[in-house]
1. Which residue out of A:VAL58, A:VAL67, A:VAL75 is of a type in the set (Val, Ile, Thr) and modelled with pLDDT under 95?
2. Hey, among the residues in segment B:31-71 that are part of a helix (DSSP H, G or I) and among the basic types (Lys, Arg), which one's surrounded by the most Cβ atoms within 10 Å (Cβ to Cβ)?
3. Taking segment B:382-412 on its own, how many of its residues are in contact with a Gly (Cβ under 6 Å, 6 or more places away or on another chain), in a helix (DSSP H, G or I) and over 15 Å from B:ASP430 (Cβ atoms)?
4. Being more than 26 Å from B:ARG383 (Cβ to Cβ) and under 12 Å from the mean Cα position of the chain (by Cα) is the filter here; which residues of segment A:1-43 pass it?
5. Six or more apart or on different chains, Cβ under 9 Å: which pairs go from a residue in segment B:336-361 that's assigned by TED's automatic domain parsing to the domain that holds B:GLU388 and touching a residue at least 24 places away in the same chain (Cβ under 8 Å) to one that's basic (Lys, Arg) and surrounded by fewer than 18 Cβ atoms within 10 Å (Cβ to Cβ)? Could you list them?
6. Which of the residues belonging to segment B:315-340 are assigned to a loop (DSSP other than H, G, I, E, B) and closer than 11 Å to B:ILE403 by Cβ?
7. Scan segment B:1-58 for residues that are over 34 Å from the mean Cα position of the chain (by Cα) and at pLDDT 95 or above and report the count.
8. Which residue out of B:GLY216, B:GLY251 is touching a residue at least 40 places away in the same chain (Cβ under 8 Å), assigned by TED's automatic domain parsing to the domain that holds B:ALA118 and on the phi > 0 side of the Ramachandran plot?
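The values are calculated or read from the model by the stated rules, or taken from the named source; none is laboratory data. Model, not experiment: these values are computed from the prediction. Cβ placement follows ideal geometry from the backbone for every residue including glycine, while neighbour counts extend to all protein chains displayed.
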Amino acid sequence: MLIITLLFVFILAGFVGYFVITRVPPLLHTPLMSATNAISGISLVGSLVLAGSDRGNVATWLGFIAVTAATINVVGGFLITDRMLKMFKQRLPGGGEGGKDAAKTDAGGR
Amino acid sequence: MLALLLQVPEHAAPGAAASVGLREGLIQATYLAASVLFILGLYSLTKPARAQRGMQLAALGMLVAIVGTLANEHIVRYEWIAGGLLLGAAIGYPLGMFVPMTAMPQRIAVSHMFGALAATLVGVAEFQILGGQVPHATMAALGFEVMFGALTITGSFMAFGKLQGFVTGTPVTWRGQNAINLTLFAATFGIFVYLVASPDHPALFYAMVAMSLAIGVLMVLPIGGADMPVVVSLLNSYAGLAASATGFAIGNTVLIICGALDGASGFLLSVLMSKAMNRSFGNVLFGAFGAAPTASAALAEGDRTVRSVTAEDVAVQLAYAREVIVVPGYGMAVAQCQHQVRELASLVEKRGGTVRYAIHPVAGRMPGHMNVLLAEANVPYDRLYDLEEINDKFEQADVVLVIGANDVVNPAARTDPSSPIFGMPILNVDQAKSIIVLKRSMAAGYSGVENELFYHERCAMLFGDAKTSVQTLIGDIKEV
């Protein structure tokens, strides 16, 4: 792929990110950080190829450490985001915005 | 990898090339699906009630992308992959499930470190594999990757240390610090430019990595604890940019997209945090706020006294109040009294009052810190109000409880142009009918500025540890 094509992808994704994230309320800024962290664990895909292809011992070892580090972020990141968001889903007296979903959660046994 | 991908059809049989093309197409399809799910996941964060579901879909997207990657034709053995995945999951699971909400700022900081570590190591390995035959464009991408990556590794580790408490939270400064840092930064960037022009200099490449590691340490050392929200956001952004640069280096679009999302998110948060402190980026990074407290002379002089109250008095006020606003700050996080605060609030509500929480954007040590703590204590999120939403409600408030917050409620930011925090948006608690400040002592806040609020005619101080004070209040209000 041409560098310029990749730049298109980068710039457009940056805009999408900017406009989506502007709408995230301050209430969820901490989960937002842990969510983007978990998502950026996608560098795992680069690390996997490095650790699995036969391109010398150094590359394999660096790949192995990179796979480990990225997996920590993926597993830990998604789990902790889920834990936090579960707290924000909880019951809303007065049935404000999202009260319906919250009621459903309560019925779900939480 | 980009070069390898382009070479494949040339020396493979036509049939093999077709199957490689199909396989590569399928892998790219999983990446596209993952990218869409990630963006939808982030979009779901705009609605608290839908957020959990949305992020579960994003996790599914991650799984799809990983499975897709495992089909990559360059992967010939799986033992190291399996080992890394297992070890990472074994470390990641407790980091996700058992870290308490009070430790969230350092938890976030350390995860930036892991993300940057993965990106940096991939960059170093790519450079090593290409062995001097690095195309200029790839070198530019690798350079950005290892520079942003390396400084994020050490910078995040320092931030982690400051938040965890094994590195001092006060700014560490010395003479000529900014000059030294800028020189080092310029030298590193100079090496980067030289390497792009002539990539065949491994020694210079590794020197650039080492210098970036040093920059990370030096960058965070002079930054104080209360500026951590900006730093943590900024490191979030850098970790994203490093991941994006990895995508450029190995020609992988899903990496570029995720990195851009992460980078945009971190950048936006750091801008918001800086604005909430009425300071520029540069001022946060190079200003070493609080290193030389410039106490307002007009305030330090004179013999104004503060009014101190007993817990019984406060309990009576709270028991008969209709409108109560709680203003939490870092002190509440330190005392870990969010559960007691919640209990006190429900007692007030039981007696017919309403309790709202006013959250300043930079209260605590990371964006959204107070929200997470209060949510953990089962405070419903429609009780949590942002600065703009609540500032005109203070006039009607009967009692305002300030728990461990200082600079964010200092009226000097509004009234005293000579104050270092002048212009910073604050919570207008001084407009309430009665203000109670829970505070350990009369020590100045993080900025080193004395707080005019404490001398306000309607303000009273309840001295003592926040947790003990709130517990006493709970006991007393039951007896009113």
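1. Selected residue: A:VAL58, the only one of A:VAL58, A:VAL67, A:VAL75 that is of a type in the set (Val, Ile, Thr) and modelled with pLDDT under 95.
2. For segment B:31-71, the residue satisfying everything is B:ARG50.
3. Counting residues in segment B:382-412 that are in contact with a Gly (Cβ under 6 Å, 6 or more places away or on another chain), in a helix (DSSP H, G or I) and over 15 Å from B:ASP430 (Cβ atoms) gives 1.
4. A:THR36, A:ASN37, A:ALA38, A:ILE39, A:SER40, A:GLY41, A:ILE42, A:SER43
5. Going by the 9 Å Cβ cut-off, the qualifying pairs are B:LEU347/B:LYS478; B:GLY352/B:ARG322; B:GLY353/B:ARG322; B:THR354/B:ARG322; B:ARG356/B:LYS393; B:ALA358/B:LYS393; B:PRO361/B:LYS275.
6. Filtering segment B:315-340 down to residues assigned to a loop (DSSP other than H, G, I, E, B) leaves B:320-322, B:329, B:336-337.
Of everything in segment B:315-340, those that are assigned to a loop (DSSP other than H, G, I, E, B) and closer than 11 Å to B:ILE403 by Cβ turn out to be B:GLY329, B:CYS337.
7. 0
8. Details: B:GLY216 fails: on the phi > 0 side of the Ramachandran plot.
One residue alone meets the criteria, B:GLY251.
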